[in-house]
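All remarks here apply to the structure that follows.
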Amino acid sequence: MTKHKLVIAEKPSVAQNIAQTLGAHKKVYGRDGKNYCYCNDDYYVINAVGHLYDIGTPNDYGYTDWTLESLPILPDFRIMPTKDSSKDGLRQFISELMGRNDVDEIICATDAAREGELIFRHIYDANGCTKPCKRAWFSSMTEEAIKTAFSNLKPISDYDNLYKAAYTREQLDWIFGMNGSRLYCVLDKTRHMVGRVKTPLLRIIVDRDNEIDNFQSNTAYKLTLANGAISTAEYEDKSLAEDEASKANGKTVTVSKAERKNMSENRPLLHSLSTLQMEANDRLGFSAQKTLDIAQSLYEKRLITYPRTDSNYLTDDMRIPIHNLAEILANYTEYKERIDKLLENGLNIDERIIDEAKVSDHHAIIPTNSIRFTGMTEDELAVYRIIINRLLCALDSKYEYIQITYEFICNDITYRLKTKETIQLGFKAYTDKSDLDCDDEIAVKYAEGDTFSADGISVKECVTKPKKHFTDKTLLSVMDNIDNRISDGELKAAVSGKGIGTPATRAGIIEELIGNHHIDRNNKEIISTQFGRDFIASIPNTLKAVERTAEWEQFFDIIQKTGADSKPLFDNVISVINDTIEYEKNHTRDIVKNPYAPKKTYVVVGKCPRCGGEIVDKGKFYGCTSYESKENCGCGFTLNKSHPFISGEIKPEQITLLLDGKSVSLRSINRENEQYTVEYILQDADPFPKLIRQQAEKVSLGKCPWCGKNVYEGKNNFYCESGRDCGFSIWKEDRYNSLNITAQNVKELLNKGKSKFSKKTLDGTIAEVYSLSYREKDDKKYVNLTKEK
């Protein structure tokens, strides 16, 4: 038997690249006919689709009560399939491959980062796999990078600390989020979401909005020369400023300083997901989530590289592909002149483009070689052009200019002015005009000692303004540079260059806060709601301090580097949760009312078996008044009125009986579309309750004349409970005698030996009596009905 190595990647596109590099070109499908792997004589290559396994929900550990008494929730975690049933076929296929006799080694080829390691280890452990395992570590999808990784496979044990850090993060986020969310859902009887990232982020937004609301502006007045220079002196009283302007007008202005300094602005870095979202928000007004969705679509169309990346750099093996990419773009009229100039001057593929150390799991976002400008929406095209333009700007030269600082003196008042003279536009030639600062260039140039007449001095009103509300762009920047908000040096270093959240989750966190009505989006601005402000004000600082995220990241780094025991961090987090629960139990708290909660009045049909709340008629389904999904802090209890195996809908009076634990009779439909009455009871299950069919109690129609045991009614016949050992059977349709035999007929035949049958004829209905008789053939007995004369 030829032995194979099973390669497990994280994404379909990565699995395809690996398979092509390894020469595994043949596709083999799983049992569902949808999922497939690549193979050759040496390898099977398959991909996960994100997380196939996780650590479940509170219900999986028996925590079904939504009460203060049920908190804290501190389960013994176990790995289990995610609730996404669409992944069942893929999970099964991977399990089969891992268990095959011809697979003697597993190769982890998931993303080269903490989360990628977690995804693979959960697959490996959930399947109880003990086969030897190695790690392929690569960040670039080029053939060269993949070949290098597979020729330098490492023992999976080399990455045990990475997995330990990832698994610790997963469990602690669960403990923090599940307990915090459920606690405040119970206290306020409305949906809240508490999380290590989303709650500090909400606080940052609330603090900014409070600062804006409490801002008190100041007004001052300055003098302005005709050339735009502004006085260093300012006046509280406008009339004083006007008086000084009147005195200075017509006087001599002396140029006391004309300092020229060569300056430059370096080319922008390539796009990470965060910087792409920022630019798309700034230039196009797109939300972070919309940009992520568009980027994902472009990626699936093979137009750009993987978008969920935190890196702005490429790996060394990308030098030649980048040059090739520029030459491909030169074939398009709109880019030809620009790229010809770039190629003539030489592409700047330096350390601002290539830096192996700054690429973790995925390199920066760039176009693929499959360049085209058709087959996409206008929004997709706009984002696509941003990505292309950023690549070409990064390959271009610096923007160089001379900054001139002027100082003027007139009537003992000093005026200042800064202006620029462009030396080389470089990449700036291809940015928006607003980025060029060309308005700073003035027509008149001055030298030190020059004089001119001060004509047209005016008064300028200077009003201090509050900070602006956050936008997707500025909020992403805050999340990306969260270290700027931390004073502690060690904690600051722990999150420097990392931020809070990940590029892949930040947009979702913003949208979750919007969906929960804690914040709102007003055009570009993101503003906290009163509901969000009240909630942040109501919870202790330990749950909303950004320093907590930094502390966690610091500890994760220590675990990843040294394999340190995670118990101290677990103890700390559990202590915070316990203290918070005890605090809320023992002090009077003002309930945070949710003005966005549904105002509609519903008919109550029973008591919720999960949380004790009210089950109401929601129209198409029956649901708890806290029926939102459990992940969003709701009870999650819902039951559709219609079911594919039920005729009609479940009526209110029937759901009331079901909720009371009683059975109800419903008309059921079989595969042949036949209807019959069946008793059902309600069984609560995760995530949704189920109708469970009750087996009807069998009623004996009489004793079998052959073996003396009971005779029962089946679907098509009446049969002896001994089955084939006896063989007694009466078919419901006697085609020889043209009879339809009922249970009452069989009862009479067994107990009296005869029964009366009604038969329809052309002349009307007639009654005939038949008796039970038997015949033998080939040593077998057969039941017959004989008409009596």
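The values are calculated or read from the model by the stated rules, or taken from the named source; none is laboratory data. Computed from a predicted model, the values in this text were never measured in an experiment. Here Cβ is always computed from backbone atoms with ideal geometry, including for glycine, and neighbour counts include all displayed protein chains. When the accessible area is computed, the model is the full protein with side chains, heavy atoms only, and any ligands, DNA or RNA have been set aside. Shrake-Rupley method; radii C 1.70, N 1.55, O 1.52, S 1.80 Å.
Cross-link partners among aspartates and glutamates for residue 336, C-alpha distance below 17 Å, same-chain residues fewer than 8 apart left out? Partners within reach: 327, 344, 396.
Ordered by solvent-accessible area of protein heavy atoms (1.4 Å probe), largest first, the residues 144, 748 come out as 144, 748.
Partner aspartates and glutamates whose Cα lies under 12 Å from the Cα of residue 754, excluding those fewer than 8 positions away in the same chain, are identified as 768, 788. A value for P(r) over Cα pairs in 10 Å bins from 0, in percent was derived from the coordinates, and within the list (i) 2, 10, 14, 17, 17, 13, 9, 8, 5, 2, 1, 1, 1, 0, 0; (ii) 2, 11, 19, 22, 21, 14, 7, 2, 1, 0, 0, 0; (iii) 2, 13, 24, 27, 20, 10, 3, 0, 0 it appears as (i).
Annotation: the antiparallel percentage among DSSP beta bridges lying fully within region 1-101 is about 60.
Considering only 95, 67, 14, and ranking their Cα positions along the charge dipole of region 1-105 that arises from unit charges at the beta-carbon of Lys, Arg, Asp and Glu, the one farthest toward the positive end is 14. Here the peptides 234-243, 264-273, 162-171 are ranked by packing, the mean other Cβ count within 10 Å, and the order with the highest first is 162-171, 264-273, 234-243. Compared with the dominant principal axis of the Cα atoms in the chain, helix 198-213 is inclined by about 40°.
The listed peptides 9-18, 560-569, 97-106, ordered by packing as a protection proxy, come out as 9-18, 97-106, 560-569 (highest mean of other Cβ atoms within 10 Å first). For the chain, averaging the sequence separation of C-alpha pairs within contact (under 8 Å, six or more residues apart) and dividing by the residue count gives a relative contact order of 11 percent. Positive contributions from Lys and Arg (+1) and negative ones from Asp and Glu (-1), summed over other residues with Cβ under 12 Å from the Cβ of residue 683, come out at 0. Karplus-based coupling profile of region 683-694, in residue order and whole Hz: 10, 6, 8, 9, x, 10, x, 10, 8, 10, 6, 8, with θ = phi - 60° in 6.51 cos²θ - 1.76 cosθ + 1.60 and x standing for Gly or Pro.
For the chain, a crude dipole built from +1 on the beta carbon of Lys and Arg and -1 on the beta carbon of Asp and Glu, taken about the Cα centre, is about 4160 debye to the nearest 20. Nonpolar atom fraction for the chain, defined as the carbon and sulfur part of the 1.4 Å probe accessible area, stands at 46 percent. Please compute the net charge surrounding residue 161, taking Lys and Arg as +1 and Asp and Glu as -1 over other residues with Cβ under 11 Å from its Cβ. Once all neighbours under 11 Å are counted, the net charge is -1. Be a star and scan region 721-744 for residues whose amide nitrogen sits under 12 Å from the point 7 Å along the Cα-to-Cβ vector of residue 699. It comes to 743-744, nothing else. Which angle from 0 to 90°, rounded to the nearest 10, does the C-alpha axis of helix 12-22 make with the longest principal axis of the chain? Taking the Cα atoms of the chain, the angle to 12-22 is about 90 degrees.
Using 1/(1 + (r/R0)^6) with R0 = 56 angstrom and r between the beta carbons of residue 189 and residue 323, what's the FRET efficiency to the nearest 0.05?
Rounded to the nearest 0.05, the efficiency is 0.35.
Quick one: helix 319-329 against the long Cα principal axis of the chain, what's the angle to the nearest 10°, folded into 0 to 90? Between the helix axis and the principal axis of the chain, the angle is about 90 degrees.
Heavy-atom accessible surface of the chain, averaged per residue, reaches 51 Å², computed with a 1.4 Å probe. Only lysines eight or more places from residue 257 in sequence, or on another chain, were considered; those with a Cα closer than 30 Å are 222, 238, 247, 398, 418, 420, 428, 433, 445, 460. Classify region 643-709 from the C-alpha gyration tensor, please: rounded if a/c falls under 1.5, else prolate or oblate depending on whether a/b exceeds b/c. Because a/c hits 1.5 or more and a/b exceeds b/c, region 643-709 counts as prolate. Extension gain, residue 602 to residue 263: 0.36 nm times the residue separation minus the Cα-Cα distance gives 115.2 nm.
Pull out a ≥ b ≥ c, the square roots of the eigenvalues of the alpha-carbon gyration tensor of region 462-602, then state rounded if a/c is under 1.5, prolate if not and a/b is larger than b/c, and oblate in the remaining case.
Verdict is oblate for region 462-602.
For the chain, the antiparallel share of DSSP beta bridges with both residues in that region comes to about 85%.
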